[in-house]
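Please find one structure pasted underneath; my questions will follow.
The values are calculated or read from the model by the stated rules, or taken from the named source; none is laboratory data. Predicted, not measured: the structure shown is a model, and the values here were computed from it. Ideal geometry is used to build each Cβ from the backbone, glycine not excepted, and the neighbour counts take in all protein chains shown.
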Amino acid sequence: MQLQRTINWIAPLDLAASIPESEDKWVLLYSGMNSGFFGRYSILALRAKNEINSDDFTELSDILSDNNHKFTNGWFGYLGYGLKNKLEKLSQDTDSYINMPHLWLINFGTIILFDHEQRQVKIWSEDDFELPDITPAEKLDFTTQNLRSNMNKAEYLDKVDRIKSSINRGDLYQANLTRKFTGEIAGKFRPVDIFCKLCEISPAPYSAFLKFSEKTVISSSPERFLHINSDGVADTRPIKGSAARFEDEAEDKKSLDALGNSEKDRAENLMIVDLCRNDLSRGCEVGSIKVKNLFEITSYATVHHMVSTVTGQKSAGTSSLDLVKGCFPPGSMTGAPKIKAMQLCSALESKQRGVYSGAIGWFGGDGSVDLSVVIRTIIMDGNKFEFQVGGAIVADSDPIAEFEETLIKAKAVAKSLGIDKQQLRII
């Protein structure tokens, strides 16, 4: 793959909305917000060549190499939460609404790199490539119907109490309980227009649009799972601790300060920081693990988050994929201890999480990796959709407060689908 040309700025969302329907499989990793640690580049991958559609890591492990240009052997897509069953001795989760493979990655023949800082667009391609004519995103004109959930409010509150009882028995310290919503869309829509709407409502550094024929993943994630550069320097940025945003500046500042000073949220965050330190240590040099920016508050359109950063140096003889597997699934989506938390949440949730709680991003041919945590994400199959929200349950969790936090986290996704937050409350 060669650099074909550099052109003047085109907004990534404008180009994405103009991709013709004949392009059956493509990926946009969109930096809709410059967070300081990430957000300079967006990547659009087109012209699918090779594909890994699997329920384990075997094929990916066989095909990855660490001695090519980043894009030549680059793979774009997702790692689903169900891969946990291939890494640990865990039973398979049961029911699902939208069936997706646990792992879906594609190697593309054309990569368009958007430099938001330099306002330039570089086109890497194996042959000549002409950009489509730019057309604006279409206005959404649809309704949602048959909205359901795997648990109503009373059931959710009961499950929080059951987790607290398990914590009090000493079985675990924290578990990330999640709630899935499903439904159908009636009317005129394109998934890419829903994605553009979500990015408008909730800008995030790790937005992503994955089109795999009839299946689509629409994400606006604020959370980095794992980044590894070509020199093997790795970092993860777990989110634990959330608070609502408010239009009133004084009220919003009060919410932010309360989160920053919350002993409960700091305890939640610190548990996962320790888990991430342990996960990284499985594939990093002894003594290289460092914690940076502990309990940092990052603000997004609808929510404040508490974030910490853990870094390490990949050890010699450890591949980037090995390091990813050692940290998967993201600790912020499981709890601690990790295996016990996954076992308990699988039993309580009853439905497969699917793509949710996994990772979205790319593996580069030079050993580099960049993956987000799959939160704030809609999965679609034709007109069917699902999305999921959750939160960490600890010993002093208030079940009602935890329920309200899930609604805060669902706000942007629900709004992009035309669903009022109150509908989620009463299901």
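Check region 136-143 and report whether any residue there is farther than 24 Å from R40 by Cα, of a type in the set (D, E) and at pLDDT below 95.
Restricting attention to region 136-143, the residues satisfying the condition of being farther than 24 Å from R40 by Cα are 138-143.
Add one more test, that the residue is of a type in the set (D, E), and what stays is 138, 141.
If we keep only those that are at pLDDT below 95 too, we end up with 138, 141.
Checked against the condition, which is being farther than 24 Å from R40 by Cα, of a type in the set (D, E) and at pLDDT below 95, region 136-143 yields at least one hit.
Continuing with this model, one more query. Name every residue in region 364-395 that is within 18 Å of C345 (Cα to Cα) and not in a strand (DSSP E or B), in order of residue number. Outline the logic, then answer.
Within region 364-395, the first condition is being within 18 Å of C345 (Cα to Cα), and the residues that meet it are 373-375, 387-395.
Once the filter is applied, which keeps residues that are within 18 Å of C345 (Cα to Cα) and not in a strand (DSSP E or B), region 364-395 yields V374, I375, V394, A395.
Please enumerate the residues belonging to region 233-257 that are more than 21 Å from M271 (Cα to Cα) and either in contact with a Leu (Cβ under 7 Å, 6 or more places away or on another chain) or part of a loop (DSSP other than H, G, I, E, B) (or both).
Correct list: R245, F246, E247, D248.
Next up: Given S230, S213, S202, which one is within 21 Å of T298 (Cβ to Cβ) and among the small types (G, A, S)?
Of the residues listed, the single one that is within 21 Å of T298 (Cβ to Cβ) and among the small types (G, A, S) is S202.
Scan region 287-330 for residues that are of a type in the set (D, E, K, R), modelled with pLDDT of 95 or more and either touching a Lys or Arg at 6+ places or on another chain (Cβ under 8 Å) or in a strand (DSSP E or B) (or both) and report the count.
Residues that pass the stated criteria total 2.
A follow-up question, please. Go through (1) assigned to a loop (DSSP other than H, G, I, E, B); (2) within 21 Å of L13 (Cβ to Cβ) and name the single condition S230 misses.
(2)
Among the residues that make up region 180-194, is at least one of them out of contact with any strand residue (DSSP E or B) (no Cβ under 9 Å at 6 or more places or on another chain), more than 30 Å from G241 (Cα to Cα), surrounded by 13 or more Cβ atoms within 10 Å (Cβ to Cβ) and not charged (D, E, K, R)?
Checked region 180-194: no residue is out of contact with any strand residue (DSSP E or B) (no Cβ under 9 Å at 6 or more places or on another chain), more than 30 Å from G241 (Cα to Cα), surrounded by 13 or more Cβ atoms within 10 Å (Cβ to Cβ) and not charged (D, E, K, R).
Let me ask another. It is to be established whether one or more residues within region 95-106 are assigned to a loop (DSSP other than H, G, I, E, B), touching a residue at least 24 places away in the same chain (Cβ under 8 Å), of a type in the set (F, W, Y) and farther than 30 Å from F387 by Cβ.
No: zero hits.
Each row is one residue, and each column tells you yes or no for (1) without any contact (Cβ under 8 Å) to a residue 40 or more places away in the chain; (2) hydrophobic (A, V, I, L, M, F, W, C); (3) surrounded by 24 or more Cβ atoms within 10 Å (Cβ to Cβ).
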site	(1), (2), (3)
G331	no, no, yes
I339	no, yes, no
Q343	no, no, no
S350	no, no, no
Y356	no, no, yes
V373	no, yes, yes
I379	no, yes, yes
G382	no, no, no
D396	no, no, no
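For residues in region 396-405 being within 17 Å of Q174 (Cα to Cα), in a helix (DSSP H, G or I) and of a type in the set (D, E, K, R), which is modelled with the lowest pLDDT?
E405
Here's another thing I want to ask about it. Name the pairs whose Cβ atoms lie under 9 Å apart, with the first residue in region 238-256 and at positive phi, the second of a type outside the set (D, E, K, R) and part of a helix (DSSP H, G or I), and 6 or more positions between them or separate chains?
G241/L259; G241/G260; G241/N269
So which residues in region 273-307 are in contact with a helix residue (DSSP H, G or I) (Cβ under 8 Å, 6 or more places away or on another chain), within 21 Å of I228 (Cα to Cα), surrounded by fewer than 19 Cβ atoms within 10 Å (Cβ to Cβ) and among the aliphatic types (A, V, I, L, M), if there are any at all?
Answer for region 273-307, where residues must be in contact with a helix residue (DSSP H, G or I) (Cβ under 8 Å, 6 or more places away or on another chain), within 21 Å of I228 (Cα to Cα), surrounded by fewer than 19 Cβ atoms within 10 Å (Cβ to Cβ) and among the aliphatic types (A, V, I, L, M): I289, V291, L294.
When you go through (1) touching a Cys at 6+ places or on another chain (Cβ under 8 Å); (2) over 14 Å from L280 (Cα atoms) one by one for K314, which number turns out not to apply?
(2)
In a loop (DSSP other than H, G, I, E, B), closer than 27 Å to V192 by Cα, in contact (Cβ under 8 Å) with a residue 60 or more places away in the chain and not charged (D, E, K, R): does that describe G361?
no
Can you tell me which residue in region 406-427 is farthest from F189 (Cα to Cα), limited to those that are part of a loop (DSSP other than H, G, I, E, B) and touching a residue at least 24 places away in the same chain (Cβ under 8 Å)?
Per the stated criteria, the residue is I427.
Suppose we filter D420, D370 for residues that are out of contact with any helix residue (DSSP H, G or I) (no Cβ under 8 Å at 6 or more places or on another chain), within 30 Å of V27 (Cα to Cα) and of a type in the set (D, E); which single one remains? Steps first, answer last, please.
Values: D420 fails: out of contact with any helix residue (DSSP H, G or I) (no Cβ under 8 Å at 6 or more places or on another chain).
Result: D370 is the single residue among D420, D370 that is out of contact with any helix residue (DSSP H, G or I) (no Cβ under 8 Å at 6 or more places or on another chain), within 30 Å of V27 (Cα to Cα) and of a type in the set (D, E).
Right, another one. Can you tell me which residues in region 38-84 are in a strand (DSSP E or B), under 25 Å from Q118 (Cα atoms) and small (G, A, S)?
S42, A45
OK, next. Being touching a strand residue (DSSP E or B) at 6+ places or on another chain (Cβ under 8 Å), assigned to a helix (DSSP H, G or I) and in contact (Cβ under 8 Å) with a residue 24 or more places away in the chain narrows it down to one residue among S166, S207, S219; which is it?
Going through S166, S207, S219 in turn, the sole match is S166.
Can you tell me which residue is modelled with the lowest pLDDT among those in region 332-366 that are within 13 Å of K84 (Cα to Cα) and small (G, A, S)?
S346
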